[in-house]
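Worksheet: one structure, shown below.
The values are calculated or read from the model by the stated rules, or taken from the named source; none is laboratory data. Not measured: the values here are computed from a predicted model. Glycine also receives a Cβ, built like all others from the backbone with ideal geometry; neighbour counts cover every protein chain displayed. Keep in mind that these areas ignore ligands, DNA and RNA; they rest on the heavy atoms of the full protein, side chains included. Shrake-Rupley method; radii C 1.70, N 1.55, O 1.52, S 1.80 Å.
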Protein chains: 2
Amino acid sequence: MPAIDFKVIKQDGTTAARLGSLTTPHGTIATPIFMPVGTQATVKAMTPEELREVGAQIILANTYHLYIRPGHELVGRLGGLHEFMHWPGPILTDSGGFQVFSLGELRKITEDGVRFQSHLDGSYHFISPENAMAIQEALGGDIIMCFDECPPYPSEYAYVEKSLGLTTRWARRCKESHARTDQALFGIVQGGMHRELRERSAAELMEIGFDGYALGGLSVGEEKELMYEVMGYCAPVLPVDQPRYVMGIGAPEDLIEGIHAGFDMFDCVMPTRNARNGMLFTSFGRVNIKGAAYAEDRSPLDPECGCYVCKNYSRAYLRHLYRSGEILASRLNTWHNLHYYLNLMTQAREAIGAGRFGEFRKEFYAKRFSL
Amino acid sequence: MPAIDFKVIKQDGTTAARLGSLTTPHGTIATPIFMPVGTQATVKAMTPEELREVGAQIILANTYHLYIRPGHELVGRLGGLHEFMHWPGPILTDSGGFQVFSLGELRKITEDGVRFQSHLDGSYHFISPENAMAIQEALGGDIIMCFDECPPYPSEYAYVEKSLGLTTRWARRCKESHARTDQALFGIVQGGMHRELRERSAAELMEIGFDGYALGGLSVGEEKELMYEVMGYCAPVLPVDQPRYVMGIGAPEDLIEGIHAGFDMFDCVMPTRNARNGMLFTSFGRVNIKGAAYAEDRSPLDPECGCYVCKNYSRAYLRHLYRSGEILASRLNTWHNLHYYLNLMTQAREAIGAGRFGEFRKEFYAKRFSL
């Protein structure tokens, strides 16, 4: 019996968007959904209760960071991530591949795996597909990811082709070594910006067979149009009855486009990281809260928003907190941005449920650029 | 009619401790009480709702910092501190004197006031008793403080004597220029560690007449025994029927000693600042959460504590958050430390109510040093 159960509840009438329900060992998720990123076993500046309040259903934790500190074995001995971080809901862990490949000069790839140096202390480490599984089993997420190679952008066709072969072989080793039956394992489609390679990667992974499929290697510097194109031709070749996930995406409009293409799951540090930098998402577009225009502005950040921050604080106060470097600035800004993202997903699901996602998408763009 | 109303509800049987009730324009406070410090119009890392949850009844805001940024006039135009920071309860503002005198070389004292440079941008400013009142009136606290000179420690007797004369003349000017009838004004007793000077300062201030009296110039580097001695001989010369406040105090044991001497109000950055440095207060003494001993410790920080942090998180997780530099570390540590301080005040009030503060004080020390 698979660790997760996914059902498409409703297919939108005129777009590829779909409303789904994903049941995991720690709860059922309505899709499409955005997963806040909890890199070091905490979504920065938020408590688990607050994550629930802003509508988070599932969060992502970064395998690489937790492997480095405090160590996956320690987390395992402490009862796994759910208990460790006091988050009883579903958790997805990435494979660590993306972070390891981001280390650049600090890592060396072989058929067997990747040798790399810790970004914290320069110590040497080696991750193979097999121990990527062991690490994620110790962390204990509901959904874990295959260890993949994420080629840089741009890369030569030949390099991307060779790389996706390695990703496929690693995916097979991941599936063979994954032992925990209470965790779902997703494959990661690579292939750069080349349609043929993406389709080949997807076909090879589907032949191995996974509980869900993700697109990796996007949002790595390519133009948005190109990213949308890749999402557009990848979704139709993935199984209809399994969850589809775009990793590391993205801006609000990227989520709308991903849903439009038929994807169900997304994650990105954008709402949380931008919050800490004073960049806030609103129904009328982006706001840089440090702007002098807000110095005496008693109105809420987004008058159409019903979140705790918009109900209780003025733009002037948010600006003061940000300029003063206060922790409460990071807290309130993160709260609002995550609420914005998760509320956007709620609205998208409602629109699909009503068979009007196409109109919803048009309204989103019209409103956003109206001011 | 005075802005505040203070009643002694019960005098402890064998000590000078007293249980009181202080009614302000923004609510009634049970005393003795500790006031969390919200330097820049936010108690660092906490929301107002969380402050209520940990038992805060009144908070302190720093006039100097708010004068510098965002500016008292701006706060005034935005409706005052209560509205600005979304804290509907009582607020006390200090006079800015202590911060200005801490600037050292950046300030120059004359009979008229103090000229100083901003710690942020080096710009020149001048604060007199009159504009210290105007600034605090714009900020809108329920209780405001006279502008005083805080002599450094140690200081020559002659300097302290001269200084307290200035503090008295400034206090008179503060009282004369203070116009808002919905704010209480407290005098600040100076006089260093000299009993005669402290008593003279108190007498001069009482002759002018204030709504309450504070001890300034303590916790400036003197031995604890000396601080306790000053509190011990100052309390009896202050009016029985008015609130008595020791400024900038202190460690938990300092609060116990202050209450024992007959003081009602305290404030200090210690619980919040120490929290951000990983130093936590527990019923069995202080804990440095970064210690390796806590790496795999699944027990709560303080098994006797009922706060949100101790109910939901392990020492191992708190240590991980602190070592990882996470915002949640500052949040949870601050939450716990403020709960500890405010719960200690609740217990002290209960002990006074039961006429057993002396025993409570003994138990506090016995328990604390038992491990």
Original post:
With every protein chain kept in the model, how would you rank B:Met345, A:Met1 by accessible area, 1.4 Å probe, largest at the top?
Top reply: A:Met1, B:Met345
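Once you have the Cα-Cα distance between B:Glu83 and B:Ala366, take 0.36 nm times their residue separation minus that, and quote the gain in nm to one decimal.
Taking 0.36 nm per residue and subtracting the Cα distance, the gain is 97.6 nm.
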**OP:** May I ask you to order B:99-111, B:193-205 by the average number of other C-beta atoms within 10 Å around their residues, highest value first?
**Re:** B:193-205, B:99-111
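Take every residue in peptide B:323-332, count the Cβ atoms of other chains within 10 Å of its Cβ, and give the average of those counts.
Per-residue shielding by partner chains comes out at 6.
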**OP:** With runs of 4+ DSSP H residues as the only contributors, calculate the mean residue ellipticity of chain A at 222 nm using -39,500 (n - 2.57) per run, divided by the residue total and rounded to the nearest 500.
**Re:** -12500 deg cm²/dmol
Subject >> Calculated FRET efficiency for the pair B:Ala158/A:Thr28, C-beta based, R₀ 56 Å, to 0.05 >> reply: 0.15
Original post:
Rounded, prolate or oblate: which one fits the range A:131-282, using the alpha carbon gyration tensor with axes a ≥ b ≥ c (rounded when a/c is under 1.5, else prolate when a/b beats b/c, else oblate)?
Top reply: oblate
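For the range B:179-326, give the percent of accessible area contributed by carbon and sulfur heavy atoms, probe 1.4 Å, rounded to a whole number.
48 percent
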Original post:
How much accessible surface area, in Å² rounded to 10, belongs to the heavy atoms of B:Arg368 with a 1.4 Å probe?
Top reply: 10 Å²
Subject >> the range B:275-368, relative contact order in percent, only Cα pairs under 8 angstrom and at least six apart counted >> reply: 29 percent
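What FRET efficiency comes out for A:Asp5 versus B:Phe284 if R0 is 45 angstrom and r is the Cβ-Cβ distance? Round to the nearest 0.05.
Here the calculated transfer efficiency is 0.40.
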Subject >> Kirkwood hydrodynamic radius over Cα pairs of the protein assembly as shown, then Stokes diffusion coefficient at 25 °C and 0.890 mPa s, in µm²/s >> reply: 86 µm²/s
Original post:
Can you pull the accessible area of A:Val240 for me, 1.4 Å probe, Å² to the nearest 10?
Top reply: 100 Å²
Original post:
So how tilted is helix A:327-353 from the main axis of chain A? Cα-based, degrees 0 to 90, rounded to 10.
Top reply: 80 degrees
Original post:
If you roll a 1.4 Å probe over the range B:1-92 with all protein chains in place, what percent of the accessible area is carbon or sulfur?
Top reply: 54 percent
**OP:** With θ set to phi - 60°, apply the Karplus curve 6.51 cos²θ - 1.76 cosθ + 1.60 along the range A:194-208 and write out the HN-Hα couplings as whole Hz, x wherever there is a Gly or Pro.
**Re:** 9, 4, 4, 6, 4, 5, 5, 4, 4, 5, 5, 5, 5, 5, 5
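What order do A:Thr39, A:Thr14 take when sorted by accessible area (1.4 Å probe), most exposed first? Intermediate results must be reported in sequence, preceding the final value.
Numbers: A:Thr39 25, A:Thr14 120 Å².
Putting A:Thr39, A:Thr14 in descending order of accessible area: A:Thr14, A:Thr39.
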**OP:** Please give the total accessible area that chains A and B bury against each other, computed with a 1.4 Å probe and expressed in Å² to the nearest 100.
**Re:** 3500 Å²
Original post:
Taking the protein assembly as shown as a whole, which cysteines find no other cysteine Cβ under 4.7 angstrom from their Cβ?
Top reply: A:Cys150, A:Cys234, A:Cys268, A:Cys307, B:Cys150, B:Cys234, B:Cys268, B:Cys307
Original post:
For the range B:121-256, what is the relative contact order in percent, using Cα pairs closer than 8 Å and at least 6 residues apart in sequence?
Top reply: 22 percent
Subject >> Relative contact order computed over chain A (Cα-Cα under 8 Å; 6+ residues apart), in percent >> reply: 18 percent
Original post:
Classify the range A:46-146: rounded, prolate or oblate, from the alpha-carbon gyration tensor (a ≥ b ≥ c, eigenvalue square roots; a/c under 1.5 rounded; otherwise prolate if a/b is larger than b/c)?
Top reply: prolate
Subject >> chain B: angle of helix B:357-368 to the longest principal axis, Cα-based, in degrees nearest 10 >> reply: 50 degrees
Original post:
Where the centre of each part is set by its Cα atoms, how far does the range B:293-371 sit from the range A:245-319, in angstrom?
Top reply: 36 Å
Original post:
Which residues of the range B:292-313 end up with at least 10 Å² less accessible area in the presence of all protein chains than when their chain stands alone, using a 1.4 Å probe?
Top reply: B:Ala295, B:Glu296, B:Arg298, B:Tyr308, B:Asn312, B:Tyr313
Original post:
In square angstrom, what is the accessible area per residue of chain B with a 1.4 angstrom probe?
Top reply: 36 Å²
Original post:
Quick one: how many Å² of A:Phe126 are accessible to a 1.4 Å probe, rounded to 10?
Top reply: 70 Å²
Original post:
Residues of the range A:63-84 losing 30 Å² or more of accessible area relative to the isolated chain, 1.4 Å probe, heavy atoms only?
Top reply: A:Arg69, A:Leu74, A:Arg77, A:Leu78, A:Phe84
Original post:
In degrees, nearest 10, range 0 to 90: what is the angle between the Cα axis of helix A:157-177 and the longest Cα principal axis of chain A?
Top reply: 80 degrees
**OP:** Would you rank A:Glu149, A:Glu49 by solvent-accessible area, highest first, keeping every protein chain in place and using a 1.4 Å probe?
**Re:** A:Glu49, A:Glu149
